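Have a look at the structure below before the remarks.
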Amino acid sequence: MLLRASKSSWHIYGQHVRRNFFQLGNRDKGKWDMITTAGRVSNERSVPKHIQKPPYYYTPQPPGNTIGSPEIKNDEQINHMRASGKLAAQILQECGKMAKVGVTTDEIDSYAHERILSLNAYPSPLRYAGFPKSLCTSVNNVACHGIPDDRPLLDGDIINIDVTVYKNGYHGDCSETFLIGDVDERGRFLVNCTRECLNKCIELCGPGVPFKEIGKYIQRYCEEHQLESVSAFIGHGIGSYFHGPPEIYHYDNDVPGKMQAGMTFTIEPILSLGGGEIGILEDGWTAITLDNSRSAQFEHTILITDMGAEILTKKES
């Protein structure tokens, strides 16, 4: 997921801000534990020499360029994308089963790191643009890009776990928001709506469909359900690169371009019970809602086919 200026966040997203300044009017009236401080982040975990690594492991690089013409993948590339997507979905579901009261997000990260390596793949977030961990864990009012730390999950939390793996030279990217213990009604409503919104977006996709139809649908959905899209973050093309064209905006837009068979990209809406504006913490990564409201996110990597769209990160039933 990349950060992009949007109509609701361009004046805020680049700031490094102190968490306790955000005491604005909160529309999220449910029962939950607000994240007020960052926890302790453990040291970087090692990667064995035999694991194939992306170029940014060896040389620090900025996030990938998402401007330009989307890649049309051939059959061999698509098969590699299917394999990495399937593995990412598997790891995500295993991490979701770990997400219980008392477990720390660092413990989930440790499990994911070792499990991905055991399957001869690389955890894509590690060292990407300097990110220090192997997955993202975003709890309650953290919108995305939360860094795993020593905070134990609490009864009533919601947590987004974002998994990307790099296998045979290709990335697969997916995320899901999980319920921890007894989540209140508003929290369950948010998570269920965000899941449904993503599924409806995927149903829209197929050859010849304008990319902007995704954002238009998300905005209509939010208006109908009294939610807000955290529109500073976008979906993206994916392949041998973590982020590339096309850019998938999660709000009403007029960005040109149409889907073609052979394209692979992510759709990853973040919906909020309050406002859609965000700030970035001093770690340079953790994005929080300015009004402290909870948000949820779901993400899939999809392939445009001649007949519609194939979900490459769909979990096995």
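So which of Lys258/Lys314; Lys73/Lys100; Lys31/Lys86 end up more than 28 Å apart by C-alpha?
Lys73/Lys100; Lys31/Lys86
Using packing as a proxy for protection, rank 95-103, 110-118 so that the peptide with the highest average count of other Cβ atoms within 10 Å comes first.
Highest to lowest by the protection proxy: 110-118, 95-103.
Please list, by residue number, every one of the chymotrypsin sites (Phe, Trp or Tyr not before Pro) in segment 29-79 that is coil in DSSP and has at most 15 other beta-carbon atoms within 10 Å.
For chymotrypsin sites (Phe, Trp or Tyr not before Pro) across segment 29-79 that sit outside H, G, I, E and B with at most 15 neighbouring Cβ atoms in 10 Å, the list reads Tyr58.
Which of the helices in the chain meet the span-like rule: DSSP H, Cα axial reach of 27 Å or more, Kyte-Doolittle mean at least -1.0?
On the way: long enough: 75-98 (35 Å, -0.55); 185-204 (29 Å, -0.28).
Length and hydropathy pass: 75-98, 185-204.
Can you give the percent of C-alpha pairs in segment 74-311 whose distance is more than 33 Å?
So the pairs more than 33 Å apart make up 12 percent of the total in segment 74-311.
Are there any chymotrypsin sites (Phe, Trp or Tyr not before Pro) in segment 161-205 that are in a DSSP loop and have at most 15 other Cβ atoms within 10 Å? List them by number.
On the way: sites: Tyr166, Tyr170, Phe178, Phe189; in loops: none.
When the chymotrypsin sites (Phe, Trp or Tyr not before Pro) of segment 161-205 are filtered for loop state and at most 15 Cβ neighbours within 10 Å, nothing remains.
Under 10 Å, Cα contacts only: if you run a Gaussian network model on the chain, which one of Pro210, Pro55, Pro246 comes out with the highest mean-square fluctuation?
Pro55
Whole angstrom only: what separates the Cα centroid of segment 259-283 from the Cα centroid of segment 80-103?
So the two Cα centres are separated by 19 Å.
Summing +1 for each Lys or Arg and -1 for each Asp or Glu, what net charge is found among the other residues whose Cβ lies under 11 Å from the Cβ of Arg40?
Around Arg40, the charge tally is -2.
Would you work out the relative contact order for the chain, in percent, from Cα pairs under 8 angstrom that are 6 or more residues apart?
Here the relative contact order equals 27 percent.
For Met34, Met81, what's the largest-to-smallest order of accessible area, 1.4 Å probe?
Met34, Met81
Take every Cα pair under 8 Å in segment 159-248 that's 6+ residues apart, average their separations, divide by the length, and report that relative contact order as a whole percent.
Taking the mean separation of contacting Cα pairs over the length of segment 159-248, I get 24 percent.
The values are calculated or read from the model by the stated rules, or taken from the named source; none is laboratory data. Note that the structure is predicted; figures quoted are calculated from it, not measured. Note that we place each Cβ from the backbone using ideal geometry, even for glycine, and neighbour counts take in every protein chain shown. These accessible areas exclude ligands, DNA and RNA; they are computed on the full protein's heavy atoms, side chains included. Shrake-Rupley method; radii C 1.70, N 1.55, O 1.52, S 1.80 Å.
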